[in-house]
Each structure stands twice: as structure tokens, then as C-alpha cells.
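The values are calculated or read from the model by the stated rules, or taken from the named source; none is laboratory data. All values reported here derive from a predicted model rather than from experimental measurement. Here the Cβ is made from the backbone with ideal geometry for all residues, glycine too, and neighbour counts use every protein chain on show.
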Amino acid sequence: MKVDVLLGLQWGDEGKGKIVDVLTPQYDIIARFQGGPNAGHTLEFDGRKHVLHTIPSGIFREGKLNLIGNGVVIDPVTLQREIGEVEEHGVQVDARMLISRKAHLILPTHRLLDAANEQDKGKDKIGSTLRGIGPTYMDKTGRNGLRVGDIFLPDFKERYDRLVKKHARLLSNFSEFSYDLSEHEPAWFASIERLRQIPVVDSEQWINDQLDAGKRVLAEGAQGTLLDIDFGTYPFVTSSTTTAAGACTGLGVAPTRIGEVIGIFKAYCTRVGSGPFPTELHGDTGEALRKAGHEFGATTGRPRRCGWLDLPALKHACMLNGATQLCMMKADVLDSFEEVQVCTHYEVDGERSDHLPYLLEESLVNPIFEPREGWPGAGQSGSGTELPASLMNYVQEIESLTKTRISIVSMGPDRAQTHEMAS
Ligand code: IMP
Ligand code: MG
């Protein structure tokens, strides 16, 4: 069997949680491969809303296993809280979830370093979620990190102390930043005890064994392609590989074992945090989109920046990921517009281009928009209803541009508001 990968093609918040949840019945295992509690994956069913940060989005489906892969960074405190929330709904998390021994741990000092770094950057800040993601990946590549497997070693505490000492030295460079570690450590060590109860595995071996045994695996991405550490709008990016390649390194599966690559995008664009966003709408229209789409961060509650669909960026993301099918999300949010705009090209140095330039800054890139007929009144519609012709035209234009089939159009947050498109 092969691993199918599901990932975001924009700046995150495309609706991955919903689609993973919708697709889970077709799989045996859902595996997260990168990112950490900076993610916020929202699932809605039976009139309830759940937000997951570290736990894979298959957790609510009976009989499915959920893996937190080696590429993920784990904050045991937020994980413990999340487990508590899921268990309130009658789910026995320890029976459905496994964690990779090689996943890295987020320490309280990683979060402090994140905050100190951002404070120091002032107006140039990344707009990080401040969950300690960047500093944890820095320690991973810097070969200083602590991994989940370390919590079972007799000298775990010494390893922890050694790393914290390093962090304290770094933090002392930020004269404006004050902190009290004793406020954070007791909860962190308590959550490590909880972590010890979750099945921990050599996940690269485990997942390949599962594939050999015929199990179907869906790899669940976090953030989005335009936040990728290499190919995103650097330095305004996250610190992991959010593209399809990340599924290989973040799970230990070979490229030859990747099957479908399912790319998710919204019918418009959003971005939370700083960084370039060529199609951003600054006035009333942006505000209307934010309101209609409830565009506020699921992790931080920050208002998301909103803008029209960016076709050059979408095409680029499909290329980077080798997307084999697409899901278009939140098409219902545009249903108050008689006419919508799409960015078909950029103007860079006075020339028309549909390639992504090195820098996507507003001062260097001028987006060229074209109007398209809207689908006013289409509303949040259930899977049985027919989609308006103008929306079908929008779908077909994107399919022909990206040379990729759109298999799902989502018309609302609920599981039931999902249109599967005939192939
Ligand atoms: P970090 O990953 O928390 O360091 O944040 C780096 C950038 O990525 C910031 O602009 C965040 O707002 C953004 N970001 C991180 N995680 C997500 C996510 O799950 N959805 C959307 N944006 C995210
Ligand atoms: Mg999100």
C-alpha cells in the first residue's frame, strides 16, 4: 500500500481538519508528519466544533489509529490538555493514538525563546504563534534537541537541565525579556508523566509494517505550502517542510511509497501573521470576507488577513507538491458576491508573469485581477444539492490551469456540506 498525503496549498487554515475527518473512513491510519501545536485543525459534526493542535484529525472515528510522526514537535503540556478535551467526548485517546520515539519535545524555554526572539524583532516579527516551534526545530537541526524516546532514559532530567542551561544563556542576551521558569516547569514535568502512558513506537518501522500489511494511511499536513521553510515566503514562514516531501522525512516513508497527493485550498486566500500577501484586501471587502468566513485563528484567535484567490501561487503549490487531486474549501463564503476577482498574473518589474518571484513583497509584485461571475445565494449547501453553473466554471478554470482534478468542493464547515465531484 501507499501513503496518501493531504496538505495545504496556501498559508494554512485551508480546512485540512474537515477534509481529513471526511476522508478518514477510507483509511486505517491518520499520521501527522510535521509542525506542532502551532496548527489548529477544526472539525465540526453533530452540531459540535473541535479544534485539534497536535492530535491527528482521525481521532474521533472509531477503529482508526492516529500517529504523531517523527517530524512533529510536541509540547506535552498542550498535548495533555488536548487529550483531556477529546476524552470529554468519550474517546479513549491512548487506545487510538501512537507517538514516534523520534518526535522532538518543545520545552518551556523553547516557548520563551520564541517570545524573546519575536519581541526582539519588533516590527519585523514573523507573527509566530509563539508555541516554541522555531526554537525547537533549531535545536533539532542544531543537534541539541530532546526527543520523546529520551523521557524513558535514566538521565532524562540531566539532558533536560543541560539544554535548559543553554537556553538560559541565550535568553540572557535579551535584556528586555524577563521570565520565571518555575512558573512553567511543574506543569511540563507533570505532562511528561502523562506522555509516558501513550504508546510510543519506532514509527518509521511501524508505518512501513502497516503498509506491508495492507493498511491504508493518510498523512495529514499542517500549515501550508506558502509557509514551507524552503519554498514559502521566507523568512515569514514556519520552521518545517510543509510540502509533500515532508511526509517522507516526517514519517520515514520512501518517495516511491507516496500515492495520492491531495491539495487543499480555499476559494479565496487568508494569511495569519506577517509577510507578503499579494492579493490581500485591505478595505471593506476584506472585512466582509473575514466576517463571512469566520477568519480568526483557531490557535491564537488573531484576525486572519483575507484576499482573492491567487492563481499563480496555487499553480506553483501544485507543482511543488505534485498534487494529484484538489479540494476547494469555503466556496460558500463567497456567496454574497455578484462578482468575484481572481489574480491570474503578477506584474513584476513591469512585466507580466505567472511565476512566483524570489520576493513576493507588495512593493515588487503587482497582482493582476480579472472578474469572474459569482454564485450569489448558493449558501451553505448539503451534498445532495446541485452547484451553480458559475461555480462550476470557477472549478473548471482552476482544474485546467493546474492540470489537476478538483475532487471535493466544500460548501460549509459541517461534514454533511461536502460535494464530491464526479471524475
Ligand atoms: P510559527 O510556526 O508559530 O513559528 O509561526 C510562523 C508563521 O506561520 C506565522 O505567520 C504563523 O501565523 C504561521 N502559522 C503557523 N502555524 C500556522 C497554522 O497552522 N495555520 C496558519 N498559519 C500558521
Ligand atoms: Mg488552522
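The table for this structure:
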| read-out | value |
| --- | --- |
| Every residue from the stretch 9-43 that is within 16 Å of Lys64 (Cα to Cα), of a type in the set (Asp, Glu) and within 11 Å of ligand 2 (Cβ to nearest atom) | none |
| Hits in the stretch 277-296 (condition: within 13 Å of ligand 1 (Cβ to nearest atom) and crowded, with 17+ Cβ neighbours inside 10 Å) | Phe277, Glu295 |
| Residue within the stretch 23-36 that is closer than 22 Å to Trp188 by Cα, within 16 Å of ligand 1 (Cβ to nearest atom) and surrounded by fewer than 20 Cβ atoms within 10 Å (Cβ to Cβ) present | no |
| Test: residue in the stretch 235-255 that is within 25 Å of Ala103 (Cβ to Cβ), among the aromatic types (Phe, Trp, Tyr), away from ligand 2 (no atom under 16 Å from the Cβ) and in a loop (DSSP other than H, G, I, E, B) | no |
| Single unsatisfied condition, Phe265 versus (1) within 16 Å of ligand 1 (Cβ to nearest atom); (2) touching a helix residue (DSSP H, G or I) at 6+ places or on another chain (Cβ under 8 Å); (3) more than 26 Å from Arg405 (Cα to Cα) | (3) |
| Residue in the stretch 387-395 that is in contact with a Ser or Thr (Cβ under 7 Å, 6 or more places away or on another chain) and aromatic (Phe, Trp, Tyr) present | no |
| The one condition in (1) surrounded by fewer than 22 Cβ atoms within 10 Å (Cβ to Cβ); (2) more than 12 Å from ligand 2 (Cβ to nearest atom); (3) not charged (D, E, K, R) that Leu6 fails to fulfil | (1) |
| Residue check, Ala267 aliphatic (A, V, I, L, M), in contact (Cβ under 8 Å) with a residue 40 or more places away in the chain and under 19 Å from Leu130 (Cα atoms) | no |
| Residue in the stretch 353-365 that is modelled with the lowest pLDDT, counting only those that are hydroxyl-bearing (Ser, Thr, Tyr) and exposed (fewer than 14 other Cβ atoms within 10 Å of the Cβ) | Ser363 |
| First in the stretch 179-206 and closer than 24 Å to Gly250 by Cα and surrounded by 14 or more Cβ atoms within 10 Å (Cβ to Cβ), second anywhere and at pLDDT below 95 and not hydroxyl-bearing (Ser, Thr, Tyr), Cβ under 6 Å, 6 or more apart | none |
| Strands (runs of 3 or more DSSP E) contained entirely in the stretch 1-115, each with at least 2 residues that are within 17 Å of the chain's Cα centre (by Cα) and touching a residue at least 24 places away in the same chain (Cβ under 8 Å) | 3-8, 29-32, 41-45, 48-52, 65-68 |
| Check on Leu334, within 22 Å of Gly12 (Cβ to Cβ) and modelled with pLDDT of 95 or more | yes |
| Among residues of the stretch 32-54, those that are at positive phi and at pLDDT below 95, counted | 2 |
| Tally, over the stretch 373-414, of residues that are surrounded by 19 or more Cβ atoms within 10 Å (Cβ to Cβ) and among the basic types (Lys, Arg) | 0 |
| All positions within the stretch 404-423 that are of a type in the set (S, T, N, Q) and either in a loop (DSSP other than H, G, I, E, B) or touching a helix residue (DSSP H, G or I) at 6+ places or on another chain (Cβ under 7 Å) (or both) | Thr404, Ser410, Gln417, Thr418, Ser423 |
| Matching residues in the stretch 200-234 - criterion: being within 12 Å of ligand 1 (Cβ to nearest atom) and assigned to a helix (DSSP H, G or I) | Thr225, Leu226, Leu227 |
| Residue count for the stretch 128-175, restricted to those that are surrounded by fewer than 16 Cβ atoms within 10 Å (Cβ to Cβ) and assigned to a loop (DSSP other than H, G, I, E, B) | 9 |
| Test: residue in the stretch 329-352 that is surrounded by fewer than 16 Cβ atoms within 10 Å (Cβ to Cβ) and in contact (Cβ under 8 Å) with a residue 60 or more places away in the chain | no |
